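Any read-out appearing in this document is the output of simple, stated calculations on the displayed coordinates, not a laboratory observation. All values derive from a computational prediction rather than experimental measurement. Note that each Cβ is placed from the backbone with ideal geometry, even for glycine, and that neighbours are counted across all protein chains shown.
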Amino acid sequence: MIEAHSLTKRYGERTAVADLSFTVRPGIVTGFLGPNGAGKSTTMRMLLGLDAPTSGRAVVNGRSYAEHRAPLHEVGAMLEARAIHTGRSAYNHLLALAATTGIPARRVNEVIDLVGLREVAKKRVGGFSLGMGQRLGIASALLGDPATVILDEPVNGLDPEGILWIRNLLKGLAAEGRTVLVSSHLMSEMALTAEHLIVIGRGRLIADTSVAEFTAQAAGDVVRVRTEDAEKLRELLAGPDVTIGSQEPGVLEVTGLSSDRIGRIAADHAIALAELTPQQASLEEAFMELTRDAVEFQAPASELVAAGSEGRAA
């Protein structure tokens, strides 16, 4: 288990993390999200004892990282995959880590096979692709068979097969009862991998909730209704706490009523429905909505619109 208690980190007059508290529990994959400059990297460095907090405390499995007698057996981390001597082979890099931390050499071969680097294990790391470097970083994190795993952007540089592999690996680690904290900018991948989210912005906590609750909060309980009697149904659904929009003929977008309630009203008045669908925001949409005011650098609205138009055209 990872626990952050009122973590604060200041660099001169700039506050990178402000009174941040959260708990990462074992048995599930927890996504750690935030815009650029939100304080994610600083927070992870404090969890690992690489940065000292200005105030507050971070503990992993009940102790600070430095208090563990065998840290690599407790916490496996990857913050910078390419922080490896480029003249060493992958095998020798892992062997050196193992030798200095009391890990048997056979474990080196196990993690090399686990991350799919057997064919290049004896090659120098300097010639590795970005994806191969990521795999080696993950192998280093898992070398001590740790109870807690902390990974920063683990899918960077991986091809689709590699992304599927890391997704299944993380879920497998969580299923074994380990604590798994993963930072990523790929919202689509986090939606498929994480069950819980910790979202920060400008160093402060924005959300600490499940993925389902996070996206539902952003969706605003919108229900899409399609019927040939749209205008009649609109009149029946109207109320002081109900908002009804329409983007196309015969379709209503209703906020303030559940799909069950809308269905009952339609049935009571013999209105046939061709569609009754609760709308759910994607994780990316929810993230953009809830972190809008926490973005450090934001493109002008005209540029965002243009980018969206180009994407649709493509």
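So which lysines pass the test for Lys40, namely a Cα distance under 23 Å, with those fewer than 8 places away in the same chain ruled out?
Partners within reach: Lys9, Lys171.
Note the full-extension length gain between Val59 and Asp268 as 0.36 nm times their separation in residues minus their Cα-Cα distance, in nm to one decimal.
69.5 nm is the gain from fully extending Val59 to Asp268.
Among the lysines, which fall within straight-line cross-link reach of Lys232, defined as a Cα-Cα distance under 28 Å, with same-chain neighbours fewer than 8 residues apart omitted?
none
Check the straight Cα-Cα distances from Lys122 and name the lysines below 27 Å, setting aside those fewer than 8 residues away within the same chain.
Output for Lys122: empty list, no partners.
Quick one: dipole size for region 221-278, taken about the Cα centre, charges +1 on Lys/Arg Cβ and -1 on Asp/Glu Cβ, in debye to the nearest 20.
Result for region 221-278 is approximately 80 debye, rounded to the nearest 20.
Please give me the summed charge of the neighbours of Gln134: other residues whose Cβ is under 12 Å from its Cβ, Lys and Arg +1, Asp and Glu -1.
Net local charge, Gln134 excluded: -2.
For Glu253 and Ala66, calculate 0.36 nm times their separation in residues minus their Cα-Cα distance, and state this gained length in nm to one decimal.
61.9 nm
Would you be so kind as to identify which of Leu205, Gly102, Thr23 lies farthest towards the positive end of the dipole of region 2-216, taking Lys and Arg as +1 and Asp and Glu as -1 on Cβ and the Cα centre as origin?
Checking the options against the dipole of region 2-216, the answer is Gly102.
Let me make sure I get this right: for region 221-278, a, b and c are the square roots of the gyration tensor eigenvalues over alpha carbons, sorted descending. Under 1.5 in a/c it's rounded, otherwise prolate if a/b > b/c, else oblate. Which is it?
Note, shape of region 221-278 comes out rounded.
Of Glu110, Glu161, how do they rank once you tally other Cβ atoms within 10 Å and put the fewest first?
Fewest to most other Cβ atoms nearby, the residues stand as Glu161, Glu110.
Quick one: dipole size for the chain, taken about the Cα centre, charges +1 on Lys/Arg Cβ and -1 on Asp/Glu Cβ, in debye to the nearest 20.
1700 debye
Give me the percent of Cα-Cα pairs in the chain that sit more than 33 Å apart, rounded to a whole number.
39 percent
First measure r as the distance between the Cβ atoms of Ala99 and Glu284, then evaluate 1/(1 + (r/R0)^6) with R0 = 51 Å and state the FRET efficiency to the nearest 0.05.
0.70
At 222 nm, what helix-only mean residue ellipticity would the chain give, in deg cm²/dmol to the nearest 500, using -39500 (n - 2.57) for each DSSP H run of four or more?
Calculated at 222 nm, the ellipticity per residue is -11000 deg cm²/dmol.
Relative to the present Cα-Cα distance, how much length would full extension add between Asp113 and Asn156 at 0.36 nm per residue of separation?
Gain on stretching Asp113 to Asn156: 13.5 nm.
Efficiency by 1/(1 + (r/R0)^6): what FRET value for Ala212 and Arg234, r their Cβ-Cβ distance, R0 = 35 Å, to the nearest 0.05?
After rounding, the FRET efficiency stands at 0.75.
Could you please report the charge total around Ala191, scoring K, R as +1 and D, E as -1 over all other residues with beta-carbon less than 15 angstrom from its beta-carbon?
-4
Where in region 45-86 are there trypsin sites (Lys or Arg not before Pro) that are in a DSSP coil and have at most 16 other Cβ atoms within 10 angstrom of their Cβ?
Arg69, Arg82
Please identify, among Ala266, Ala98, Ala70, the residue showing maximal mean-square fluctuation in a Gaussian network model of the chain using a 10 angstrom Cα cutoff.
Of the options given, Ala266 has the highest mean-square fluctuation.
Say we join alpha carbon atoms closer than 10 Å with springs in a Gaussian network model of the chain; which of Ile198, Ile271, Ile206 then has the biggest fluctuation?
Ile271
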